[in-house]
Structure formats: C-alpha cells, structure tokens
Amino acid sequence: MKTNKLIKINVVFLCHDGHSNFLMSLRSKQARDNQNLWDPGSGQVEFGENINSALKRELFEEYNATAIKKKFMGIRENIDKNEHWITFDFLVEVDKKIIKNKEPNKFDKLAWFKYQDLPIKKSHPLFADFLKKNKKTIQAIL
C-alpha cells in the first residue's frame, strides 16, 4: 500500500537539575499542537542529523542548555491515523542557572517541579506514558 505519510523521529528529554527538580514547559496558543499543556523538552530529528546531535541542538534551542549528564531511557512509538512517531527518550541533567525560554512563541513559561508535583493531568497526552515507561530510571535519581 502506497502512502504519502512519513515516519517521523524525535527526541524527548526530561531535564533535571541534579536535585530532584524537573523542568517542564507550558505550550503556548501559538504552538503547533497541545496548546496550554505542560510538556518536557522535545524536537524532531532533522534529515542527516543523528540522535545525539538532535538532542544537543534541541536542548540549546529550547532552554539555552547543554547536558551535564544524559541517560538514554529507550524508544517509544506512537501511531495514529495521521502520524507515526519514533521517539528516543532521554533524562538530562542541566544547570538550572542558565535555563531560559528561548522559544517564547512556543512556550508561555518554563517551570521546575518536584517529581511528585509534575502536572501530569495538565500535560501532553503522551507524558503519562513517558513517565510510566521510564519510571525506574527517573526515580533512581531522586
């Protein structure tokens, strides 16, 4: 069966400061989708770019950050009638002091949360699955 639909690849990264605080961004009304919902960092891998380069680029583009430590947590797939995403999940330690919202058109604000206070019910529809799949790795740093 021929189709014009493409498989898309992205990186999702939950940033933390090494002291059990996790960074989330509130998507703006101008965001492509999931407006007014909290989201960890993420971004599409560009053609010819490897996964680690995409992670590095997206950390800087969104948060002005570079990884102090990073942990690859695994791969997830999300397939619906219109899209097929392959997602590479990371847990990334960053320097809290240098974080800033470099995409104010995409994010209304950034905020730090303790793990137990993460805004799961007001988050991207796939964030709960992200946390469930990666729970042991995330809780290991608490």
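The values are calculated or read from the model by the stated rules, or taken from the named source; none is laboratory data. Just so it is clear, the structure is predicted and the values come from calculations on it, not from any experiment. Neighbour counts are summed over all protein chains in view; Cβ atoms, including those assigned to glycine, are modelled from backbone coordinates with ideal geometry.
Among the residues of region 104-142, count how many are acidic (Asp, Glu) and surrounded by fewer than 16 Cβ atoms within 10 Å (Cβ to Cβ). Total satisfying the criteria: 2.
Among the residues of region 12-33, which ones are more than 21 Å from residue 113 (Cα to Cα) and surrounded by 12 or more Cβ atoms within 10 Å (Cβ to Cβ)? Result: 30, 31.
Cβ-Cβ contacts under 8 Å between residues 6 or more apart (or on different chains), taken from a first residue in region 74-86 that is exposed (fewer than 10 other Cβ atoms within 10 Å of the Cβ) to a second residue that is part of a loop (DSSP other than H, G, I, E, B), are listed as 82/5.
Consider region 34-67 and keep the residues that are touching a strand residue (DSSP E or B) at 6+ places or on another chain (Cβ under 9 Å) and of a type in the set (Asp, Glu). The one that is surrounded by the most Cβ atoms within 10 Å (Cβ to Cβ) is 62.
Within region 45-56, can one find any residue that is part of a strand (DSSP E or B) and modelled with pLDDT of 95 or more? No, region 45-56 has no match at all.
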